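Here's the structure, in structure tokens; my notes come after.
The values are calculated or read from the model by the stated rules, or taken from the named source; none is laboratory data. Predicted model only: the values in this text are computed from it and were never measured. All Cβ positions, even for glycine, are placed from backbone atoms using ideal geometry, and neighbour counts span all protein chains on display. Accessible surface is based on the protein model in full, side chains and every heavy atom, while ligands, DNA and RNA are left aside. Shrake-Rupley method; radii C 1.70, N 1.55, O 1.52, S 1.80 Å.
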Amino acid sequence: MNVLLCATCGTRLTEPVRQLDELPEYPGWDGLPGPDGRRHGPPSVPRGRYVVDPHPFGAPFEPVGPDEEYDGIVPGGMWMSDERGFLVSAGPRGTYVLHPDDVVDIAPHGDTHRLIGCCGPDGRAGVNHVCACGAEVAIVAADCTSGYETRLVPDAVRLEAVA
């Protein structure tokens, strides 16, 4: 079992969790409110578990390279488009993906633009939650158009084994 701590102040940011080898297959979503009454997709990982995602996630987004073939499939599923064409995530790699209920002591970012989404933050605007010390530590995705997960940013946290 492990816990993740804020790299800046050492505050514990998670309950004890056990690592999975890979991200589980996304279970799909029926669009109905969950047991908590909120509209968000199903959790990306089960309670008490985490996975390290090697793919980039969230902002910034960059155009698909001119020599790259884009087939509409992006590892991690995060893409956008604008006047430059299709954009893919160039956000942090190696994020720790957790069930939101396993994360403690984080608060929404003061920049409310980072919290944009329909039914909750969608995670596309980059780091959107902070530790009590103010360090930017997490990307929360809890929108009806996204997975339901909290991603701790690898440069902002440290992993510690617990008995």
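Numerical summary
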quantity	calculated
Selection count where residues are open to solvent by 90 Å² or more (accessible area, probe 1.4 Å), at pLDDT below 70 and touching a Cys at 6+ places or on another chain (Cβ under 9 Å), scope region 10-37	1
So G147, is it within 15 Å of D53 (Cβ to Cβ) and within 14 Å of the chain's Cα centre (by Cα)	yes
All positions within region 108-163 that are of a type in the set (D, E, K, R) and outside any loop (DSSP other than H, G, I, E, B)	R114, E136, E149, R151, D155, R158, E160
Criterion: open to solvent by 40 Å² or more (accessible area, probe 1.4 Å), out of contact with any helix residue (DSSP H, G or I) (no Cβ under 7 Å at 6 or more places or on another chain) and over 12 Å from A59 (Cβ atoms) - qualifying residue of I106, I116	I106
Test: residue in region 89-100 that is surrounded by fewer than 23 Cβ atoms within 10 Å (Cβ to Cβ), more than 10 Å from the chain's Cα centre (by Cα) and among the polar types (S, T, N, Q)	no
Every pair of residues 6+ apart whose Cβ atoms lie under 6 Å, when the first sits in region 95-115 and is within 12 Å of S44 (Cβ to Cβ) while the second is assigned to a helix (DSSP H, G or I)	none
Candidate set: region 42-64, residues that are under 13 Å from the mean Cα position of the chain (by Cα) and open to solvent by less than 30 Å² (accessible area, probe 1.4 Å); chosen: the one nearest to L13 (Cα to Cα)	Y50
